[in-house]
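Structure first, then comments.
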Amino acid sequence: MTRNVRRIQLAPAYILHHRPYRDTSRILEVITRDHGRLSLFARGVRGPKAKLAAVLQPFQLLLLSWSGRGEAAQLTGAESADHNPPMPAVCLMASFYLNELLMKLTTRHDPLPALFDDYRATVEGLRQGLLLEPSLRIFEKRLLDALGYGLDLATQAQTGKPIEPGEYYHFRPAQGLFPTVAEAAGALSGRSLIRLASEQLESGRDLEDARRLLQAALAQCLEGRELTTRAVAKAVARRGVTH
């Protein structure tokens, strides 16, 4: 009986994570545009003679080829789709944060081409010097949309009344936005919500409100799982304060 082996050629992909496997190999966690997130066994890619070591880098658009089915697919080829400079050091932690979100919140073998395109645009934007905080917040918003947990930023929960720029709101995960007063803990400006909806975050208040809202929404999706990159960023910030 002939074994049915699936072969994929030159699929657009990014490496999200990798770990050593035996002496000279790695297990790659990748996100592809047309095949979703998957694991690939990459043999012989570690060591001084490994030809693909320089190609298999994070934050670089790759064209990957593999064969096999299920969780045992073997990498058969890789080449760079673009020849971009490395990610600037100031953006590395944020970029690894994007990777961790995709690792923990996407489902294996579930293609999300629009999300792949958003990730690519965000990574390339950071590489080219776009502002860090607005880029992250917009990606988080689009990620929630792609996962089916998109936020209703236009209307109040229960009443359906429109969000007003001069009013303030409280966000309840899985429920939505409720009116509150400016002095209330965690109050979100209606103006900030409207700007987040239009992806035009400008002021410090816009960015802070968007950060708190999206962090709460993502926490619900993560179901208690901690983000390593967020913990590291907090630890680095604490060290900076004490030194």
**Asked** Among strands (runs of 3 or more DSSP E) lying entirely in segment 1-102, which contain 1 or more residues that are at pLDDT below 90?
**Response** 7-21
**Asked** Do we find that G190 is touching a strand residue (DSSP E or B) at 6+ places or on another chain (Cβ under 8 Å), modelled with pLDDT under 95 and either surrounded by 13 or more Cβ atoms within 10 Å (Cβ to Cβ) or within 26 Å of M87 (Cβ to Cβ) (or both) in this structure?
**Response** no
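Among the listed residues K104, K49, which satisfies the condition of being in the same structural domain as A11 (by TED's automatic domain parsing) and surrounded by fewer than 16 Cβ atoms within 10 Å (Cβ to Cβ)? It would help to see each step written out before you state the result.
Working: K104 fails: in the same structural domain as A11 (by TED's automatic domain parsing).
One residue alone meets the criteria, K49.
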**Message:** Out of everything in segment 186-214 that is free of Cβ contacts under 8 Å to residues at least 24 places away in the same chain and assigned to a helix (DSSP H, G or I), what residue ends up being nearest to H170 (Cα to Cα)?
**Reply:** D209
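Taking segment 216-230, which residues are touching a helix residue (DSSP H, G or I) at 6+ places or on another chain (Cβ under 8 Å) and of a type outside the set (A, V, I, L, M, F, W, C)? Step through it out loud before you land on a result.
In the first step, residues of segment 216-230 are kept if they are touching a helix residue (DSSP H, G or I) at 6+ places or on another chain (Cβ under 8 Å); the result is 217-218, 221-222, 225, 227-230.
Of everything in segment 216-230, those that are touching a helix residue (DSSP H, G or I) at 6+ places or on another chain (Cβ under 8 Å) and of a type outside the set (A, V, I, L, M, F, W, C) turn out to be R225, T228, T229, R230.
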**Asked** Quick check, is R120 out of contact with any Cys (no Cβ under 7 Å at 6 or more places or on another chain), of a type in the set (D, E, K, R), assigned by TED's automatic domain parsing to the domain that holds L222 and in contact (Cβ under 8 Å) with a residue 24 or more places away in the chain?
**Response** no
**Message:** Any residue in segment 154-182 that is more than 22 Å from Q215 (Cβ to Cβ) sitting within a Cβ distance under 6 Å of a residue that is of a type in the set (S, T, N, Q) and outside any loop (DSSP other than H, G, I, E, B)? List the pairs, counting only those 6 or more apart or interchain.
**Reply:** P162/T155
**Request:** Would you point out the residue of segment 9-46, among those that are of a type in the set (V, I, T) and buried (at least 19 other Cβ atoms within 10 Å of the Cβ), that is nearest to S80 (Cα to Cα)?
**Result:** I15
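Could you please let me know if L130 is in a helix (DSSP H, G or I) and either among the aliphatic types (A, V, I, L, M) or more than 25 Å from N84 (Cα to Cα) (or both)?
On the way: in a helix (DSSP H, G or I): no; either among the aliphatic types (A, V, I, L, M) or more than 25 Å from N84 (Cα to Cα) (or both): yes.
No, not satisfied.
Please count how many residues of segment 39-89 are of a type in the set (V, I, T) and within 26 Å of D117 (Cβ to Cβ). Steps first, answer last, please.
Restricting attention to segment 39-89, the residues satisfying the condition of being of a type in the set (V, I, T) are 45, 55, 76.
Imposing the further condition that a residue be within 26 Å of D117 (Cβ to Cβ) reduces the set to 55, 76.
Matching residues across segment 39-89 total 2.
Going by the structure shown, is V123 more than 22 Å from E199 (Cα to Cα) and of a type in the set (V, I, T)? I'd like the intermediate steps shown before the answer.
Values: more than 22 Å from E199 (Cα to Cα): no; of a type in the set (V, I, T): yes.
When the stated conditions are applied, V123 does not pass them.
Would you confirm, using the coordinates I've provided, whether A114 is under 17 Å from the mean Cα position of the chain (by Cα) and not assigned by TED's automatic domain parsing to the domain that holds A219?
Working: under 17 Å from the mean Cα position of the chain (by Cα): yes; not assigned by TED's automatic domain parsing to the domain that holds A219: yes.
Considered against the rule, which asks whether it is under 17 Å from the mean Cα position of the chain (by Cα) and not assigned by TED's automatic domain parsing to the domain that holds A219, A114 comes out as yes.
The values are calculated or read from the model by the stated rules, or taken from the named source; none is laboratory data. As the structure is a computational prediction, the values presented were derived from the model and not from experiment. Using ideal geometry, Cβ is built from the backbone for each residue, glycine included, and neighbour counts are taken over all protein chains shown.
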